[in-house]
Structures are given as C-alpha cells and as structure tokens.
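Just so you know, all these numbers are worked out from the coordinates, no wet-lab data involved. Note that this is a predicted model, so its numbers are computed, not measured. Reconstructed Cβ throughout: ideal geometry from the backbone, glycine too, with neighbour counts over all protein chains shown.
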Amino acid sequence: MPKRNRLWAYLRRLRRIERRELREFRVWIETTRNLVHLTSLLVIPVLIAIVTAASQADYGLSFLLFPPLASGTYTLFANPEGKYSRPWKFVGGLTIGAVCGWVTLILPADVLFGAGSLAGVSPGGAALSIFLTGAFTWGLNVEIPSAFSTALLVLLTGTPNQAGIYVLSIMISSSLVATVFIFWRREVYSERAQYLYQSTNGDDHVLVPMRGEQPAVTAMLGARIASAHDAGKVVLLHMVKEDEIEVAGRTVDGNTVPVGHNPTDSNDTDTDDTDEQMTEQRAASAFASALELRANVIRTKVGVPCEVVVASEGTNPARTVMRTAHETNCDLITTPYETHHGSLSPFLRELFTGDTDVLVHRSADDRTNWKHVLVSVRQASDVAHSMLDFATRLVGQTGHVSVAHCITNERQRRTAEGMLANLAETTATACETRVSHSSIESFLETRASEYDLIIIGASQDRSAASRFVSPPTFERIQSLDCDVAILDRNYRT
C-alpha cells in the first residue's frame, strides 16, 4: 500500500505539472507575436519539405527554388498584416521576377552582354533582369524583396527552356504556399480570439460579493460582462456576521422573537439546537429576500440569469468568497473597491492571491452603463487580452473602446503601435489605439473625462522589488473623473 500511495502521489504531481505547463503555454501563446513566431517555426519547414518533395525530378532546379520561396514564405507568416503579406502580391512578385529573368535570357540584349551559364551570370544580364523586375513590380504594385531573388536565380538555369520550367515551378510553389497562408490567416490568425484566448471563452459566471457602499453598481458591471455570452450568469453573495444572523433570525415580520420561541409552535418545546437552526434559517431567508430584489432588477435590465447566495462571513471573508466561487462554478469575482490606510484592503489583497479571476470596481458616479471604455496596457499579454475582451463586452455593438500604452521615448513608438494594433485586431467592435509619450498617471488624468470606465491591470506579475520602486498604477490614480476597474488574472490548477 505505501508504494501504491507513493505512485499515485507521483502521478498526481505529474498531472499538476502538466496542467501548469499547459496553462503557461496558453498564456504565452496568447501574445500575437509569440503565435506568429511559433507558426513560422512549424509551418514554413513543412511547406518547404512539400515543395522539395514535389521538385525532386530536377535537383538543380529545386535548389534554385529554395532561397526566394523560403524568404518569401517567412515574410508572409512573420507579419500577416504587413504590406508584403498579400497572397496575390507574394505569388505575383515571385512569378514576375522569374519572368523578367527569363525574358533577359531570350532578349537580343543578352547576346551583347554575354550569355549566362551555370558557371556564372553576365553583369549586363543581371542588371537588365533587376531593372525589368523593379519596373514591372513597381508598376503592378507587387513589389516584394524575393522577386529580385527569382529574377537573378533564373539566370543560372542557362537556357530559355529551363528558365520556362523554373517560372512554372515558382508559380505553382508560391501558389501552394499562398493557399496555406490564406487558410491559416482566415481560420487561425483572424479567429485567434475566439478559441485561443482563454479570456473570451471564460468569465461567463460572475460572483459579486455585496460589500461596500455601492454593491448594486458593481453587480450591474458584473452582469453586463456575463450577459455578453449566452451561458452567462450572475451570483450575488451576501456575507453576514454572527451578530447579524442573531438579530435577523430573531425578527419575523418586524417583530422580535424571544429566544427559545418557535413562531410555528406555541408550546416552546424546541431544543437549543433546533432554535439555533431555525434562527439561521430565518436570517438566511430575510437576507435572501432582500437580495432577490436586486437580482430581479438585474434580470429585468440586463436579461441575464441571476442567483443569490447567503453565507456566513466567518473569520476570513476572502476565503468565503473564493469557496463560494468554486461551489457556484464562477470563474470571475467582481467586487467593489476597498481601501485600508490608503492602500488595498486585506480582503482584496487575499482575493488577488486566489485561483479565480478578480475584477475590482471603483465607481465614480453610480453609473450602470458603460459605452466608452479605455483599456490601459503595459505589454501584450493574456491580461491585456482579458481587459480588452471585458471592455468589448461592456460597450456592445454601439459603444467605443480605446486601448492605450505609454512610452518613455519616441524610439518605442513604432513597437508600441504594432503591439496595440495586434491587440485591437482581436476585437469585433470599434477600437482605436493610443500611444502617449507621458506618464500613465498624467495620461489617465487628462483623458479620464472622455470615458465611462478605465480598465487597468493589477500588476501582480511584477516582482516585489519592482512594485516597491514603482507602485501599481491603481495605487497612483485615486481621483479620476470616471469609473476604474482593476483586473487580476488567476488560474485554477
């Protein structure tokens, strides 16, 4: 038995490691740049292998295919939205380059400059080939760097007949690559937000602890996030202290019930245990009735299923919330903002260490509808995709989303613009990108009045030293003219 127990323990540990590695891989691949690099690493060798197998009939000819085809294929997949990543431009550029080289071999000018051969290519022929390629690709708007490679390599075939076969091989091979690229970009790259990013597949079931001064407003925020998906639901949680249970349990229809008295039995024969159970039941019923009124408002205004749960707060409210999230199968906790001595409350800090996503909401004006949302991102990551997804859910089809990033010097602008463009491409609603050469605090304070809500990350992935030197953004912005939501991504393992 001990050996068997150890074996099962090892197997469970391996499964946990496997789930953790899979989770980390999915987080890594949610970054568009990583997805593109991985695709280039895996797809291009397979495509080149297929072309190689198809061109085995002529070894010399197949060798001349590889350089332009490999470089052009990488250009396609490495930057799917770039100016060179157009299938027709890819096929047309390579083919026109080869045709121009072929024409160079058969023009009378080739006689003047000297014929090319496998031993070498005449300078005049090479110059003419490049000139024709540049002129035609420019005129037809199919300029790609690989076109000039095919224009020169075709000269190595030596004869017009071999050059004609080379042109045909280039056209067929590039068409094959372009077909695979079109399928990948349409079915994988363009739809990556639908089935690759966890944020768009989860966070349908939202738990809202009814705490703080404006819990109803936060409940509406959670409801609108959940309502974006057909399977969405909201669970309202009311946590009560022991003394509140006692007070509520002793009150029936506004009248105080004495200890030991059962309102359904006038003989007062119940035991202390029975009396305690009925006190808790009456308290739960009273709190649940009040909670149902809020739930009905959510069902009516948002149209999303809404459940209510009443639980004892216990000694650790955060653990009670996380346990309830597990029991009700909720994958997002949306809770009001709380502070303690000017910083996050211990309740929120412990939620941030849990295994369920947390969205902390700070309301500015009791707003219950958010149509203009700004998402502030520090880097491309799963957190950035989640924030953008929440913003898209909130604004719907009629709202507007902005995604912003602050840089410290102008050299970072182009990289930042590319990062934001990749993020914006995953949304189905109107989305603008903003790059600001200013501090994040200054930018948000200046732009806050333009938006209903600003979503920022909790920066929990930063080291303690980094957070000490530069506190999280939400701790540096305390008085904005709009609502603020702080997202912390957590994962169940």
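Projecting label points 7 angstrom from Cα along Cα→Cβ for H437 and A78 puts them 2.8 nm apart. Full extension of the segment from E187 to S175, taken as 0.36 nm per residue of separation minus the current Cα-Cα distance, would add 2.5 nm. In summary, the lysines within cross-link reach of K233, defined as a Cα separation below 19 angstrom excluding same-chain residues under 8 places away, comprise K301. Legend: calculated FRET efficiency, R319 to W88, from the Cβ-Cβ distance at R0 = 60 Å, rounded to 0.05, equals 0.50.
Using the average count of surrounding beta-carbon atoms within 10 Å as a protection proxy, the listed peptides 162-168, 36-42 rank, highest first, as 162-168, 36-42. Ranked by the mean number of other Cβ atoms within 10 Å of their residues, highest first, the peptides 483-489, 425-431, 47-53 come out as 483-489, 425-431, 47-53.
In order along the range 150-161, the Karplus-derived 3J(HN,Hα) couplings, from 6.51 cos²θ - 1.76 cosθ + 1.60 at θ = phi - 60°, round to 5, 5, 7, 5, 5, 5, 6, 5, x, 10, x, 5 Hz, and Gly and Pro are given as x. FRET efficiency for the A135 to S71 pair, using the beta carbon distance and R₀ = 25 Å, is estimated at 0.70.
Residues in the range 440-456 carry Karplus couplings, in order, of 5, 5, 5, 4, 5, 5, 6, 9, 4, 5, 7, 10, 8, 8, 10, 10, 10 Hz; the curve used is 6.51 cos²θ - 1.76 cosθ + 1.60 with θ = phi - 60°, and Gly or Pro positions show x. Full extension of the chain between E425 and E450 yields a length gain of 6.7 nm, computed as 0.36 nm times the residue separation minus the alpha carbon distance. Extending 7 Å from Cα along the Cβ direction at T328 and again at D230 yields two label points whose distance is 2.4 nm.
As a calculated quantity, the FRET efficiency between H37 and Q478 at R0 = 51 Å, using C-beta atoms, amounts to about 0.80. Under 5 Å between amide hydrogens, built in the peptide plane, is the criterion, and for K233 it picks out H205, V206 among residues at least 5 positions away or on other chains.
Going from the fewest other Cβ atoms within 10 Å to the most, the residues R294, R33 appear in the order R33, R294.
The alpha carbons of the range 31-192 occupy a box of 55, 35, 19 Å along the principal axes, longest dimension given first.
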